[in-house]
Amino acid sequence: MKVEEALHMVGGAGETSYASNSRLQEKAIIRTKDILEKALKNINGEVVSKSLVVADLGCSSGPNAFLVISQIISALMEAGCQKAKEIVFLLNDLPGNDFNTIFRSLSLYEKKVKEENGDQVLPYFVAGVPGSFYGKLFPRNSLHFAHSSYSLMWLSQVPVGIENGGVNINKGNIYISRTSPPIVSKLYLEQFKRDFSSFLKFRSQELVNGGQMILSFLGRKSSDPSKAELCHFYDLVADALNSMVQEGVLEEEKVNTFNMPFYAASKEEVQQVIQSEGSFYIEQMQILESNWDPFDDSDDDQVFDNVKSGHNVAKCMRAVLEPLLVRHFGEQAFVDQVFARYAQNVAMHLHKEKTKHIVFILALKAKDLNN
Ligand SMILES: C[S@@+](CC[C@H](N)C(=O)[O-])C[C@H]1O[C@@H](n2cnc3c(N)ncnc32)[C@H](O)[C@@H]1O
């Protein structure tokens, strides 16, 4: 499966769309506010002649794309606008992304910004850039600032070797699991290293010297990849699919050949790739924890309403996974069943243990490689 062709979040603005089910990701964007303001302040005003050029990598469709734009505009206005007279926002995602929904809501967003800020707001321009951020996207030395949230854990492909000549070495699982042979984790890590290095290499060519990036993505706390919080998250999807195999609703072969193009790296793995690729300084690295249930904002370990949480988590996951599942399994009809079972599995899990996602937030500065 080519991720570039297959991956996109559920488009539109309907009940199951990403636009209506992206509170988890919204919370992470809000929590990057301080680090984002600091990074924007650090951009050397001299390199921005008139327009500040900003890329949002993996923007998806829905309100979060506008939230990023808002946060950047406010941060620049707070910094006194000296940095730029106008801003160009380049919204990137894979070609299957529903860019139309973003562009259709742009005028509503602009109206809201005017109402909130009057004519004070910096003039800005928005354009879409389809393509993979693991390749070249923009002209050399053309970006001042790049932002990416909840996207870099997606790999460019399922690691080579997992599906070997039609034989899947990770049978019964869809991601690294406790029952996966150790080679599975190794192949996932190698793919992550290749992809993240390519991402850094291409961005370093596109950013001006001293350009900044704020990246947030899912990771893990444990040094053992099979003990990541997300392994359990995907085990519960695998359990839903496997139960449908047992009941004869899905073909075993289909489940056995499905693997997630996704990797939750550890802090050390992320730092090691940045250091060995060599184009960026790590200015800051923070680790956030976020409850699985996007609507559970509590900080304690008390279990929320676990049945409700199961539904909330399933809605959030459906908005992300549905297109990938439908492409592999070839049937829209089974999706309701998968996520109904998944909601139950999550509810049972959360009843025993409140679990959190681990999110890395990184502020990176491009090195001046000519000096
Ligand atoms: C979970 S969404 C996050 C969207 C948004 N940034 C947010 O925080 O709500 C992840 C997005 O990354 C995009 N994505 C994944 N791999 C990508 C790649 N190689 N190039 C560009 N976009 C990619 C997906 O298509 C998806 O829209």
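The values are calculated or read from the model by the stated rules, or taken from the named source; none is laboratory data. Given the structure is predicted, the values throughout are model-derived calculations rather than measurements. Here the Cβ is made from the backbone with ideal geometry for all residues, glycine too, and neighbour counts use every protein chain on show. For accessibility, only protein heavy atoms count, side chains too; no ligands or nucleic acids. Shrake-Rupley method; radii C 1.70, N 1.55, O 1.52, S 1.80 Å.
In a reduced charge model with +1 at each Lys and Arg Cβ and -1 at each Asp and Glu Cβ, segment 191-349 shows a dipole moment near 580 debye about its Cα centre.
Where only DSSP H runs of four or more residues are counted, the chain gives -14000 deg cm²/dmol as its mean residue ellipticity at 222 nm, each run worth -39500 (n - 2.57).
Could you please report the charge total around Gly96, scoring K, R as +1 and D, E as -1 over all other residues with beta-carbon less than 12 angstrom from its beta-carbon? Counting the neighbours of Gly96, the net charge comes to -2.
Identify, among Ala75, Tyr18, Val113, the residue whose Cα sits farthest towards the positive end of the charge dipole of segment 1-130, taking +1 on the Cβ of Lys and Arg and -1 on the Cβ of Asp and Glu, with the dipole about the Cα centre. Going by the Cα projections, it comes out as Ala75. Summarising the label geometry, the points placed 7 Å from Cα in the beta-carbon direction at Ser276 and Glu110 lie 4.7 nm from one another.
Treat the chain as a sphere of radius equal to its Kirkwood radius over Cα pairs and apply Stokes-Einstein at 4 °C in a medium of 1.567 mPa s; give the translational diffusion coefficient in µm²/s, rounded to a whole number. It diffuses with D of about 61 µm²/s by this estimate.
Accessible area per residue (1.4 Å probe, heavy atoms of protein chains only) ranks Glu5, Glu37 as Glu5, Glu37, with the largest value leading. Loop-resident trypsin sites (Lys or Arg not before Pro) (DSSP state other than H, G, I, E or B) in segment 60-142 with no more than 16 further Cβ atoms inside 10 Å of their Cβ: Lys85, Lys136, Arg140. Only protein atoms count toward the accessible area here, which uses a 1.4 Å probe; on segment 255-371, the carbon and sulfur part of that area reaches 46 percent.
Out of the GluC sites (Glu not before Pro) in segment 157-251, which ones are loop residues according to DSSP with at most 15 other C-beta atoms within 10 Å? Loop-located and lightly packed - Glu247, Glu251. Rounded to the nearest Hz, the phi-derived 3J(HN,Hα) couplings of segment 11-22 under the Karplus curve 6.51 cos²θ - 1.76 cosθ + 1.60 (θ = phi - 60°) are x, x, 10, x, 4, 9, 6, 5, 4, 8, 9, 10, where x marks glycine and proline. By the Kirkwood approach, averaging reciprocal distances over each pair of separate Cα atoms, segment 252-371 gets a hydrodynamic radius of 17.3 Å. Shown here for segment 263-365: GluC sites (Glu not before Pro) in loop regions (DSSP other than H, G, I, E, B) with at most 13 other Cβ atoms within 10 Å, namely Glu331, Glu353.
Put the Cα centre of segment 164-220 next to the Cα centre of segment 87-150 and the gap is 26 Å. When the Cα positions of His232, Asn259, Leu218 are compared along the charge dipole of segment 216-269, Leu218 comes out farthest toward the positive end, with charges on each C-beta of Lys, Arg, Asp and Glu. Cross-link check: pairs Lys227/Lys356; Lys221/Lys354; Lys112/Lys315; Lys38/Lys221; Lys27/Lys352; Lys27/Lys308 evaluated at a Cα-Cα cut-off of 23 Å; pairs beyond the cut-off: Lys112/Lys315; Lys38/Lys221; Lys27/Lys352. Kirkwood's formula applied to the C-alpha pairs of segment 279-346 gives a hydrodynamic radius of 14.2 angstrom. About the centre of its Cα atoms, the chain shows a dipole size close to 840 debye [charges on the beta carbon of Lys, Arg (+1) and Asp, Glu (-1) only; nearest 20 debye]. Taking a Cβ cut-off of under 11 Å around Pro261, the surrounding Lys, Arg, Asp and Glu residues balance to a net charge of -1, with basic ones at +1 and acidic ones at -1. Accessible surface calculations at 1.4 Å, restricted to protein heavy atoms, place the chain at 44 Å² per residue. Taking Cβ atoms as reference points and 14 Å as the exclusive limit, the residues near Leu369 contribute a net charge of +2, counting Lys and Arg as +1 and Asp and Glu as -1. How many percent of Cα pairs in segment 209-308 exceed 24 Å? Pairs farther apart than 24 Å: 47 percent.
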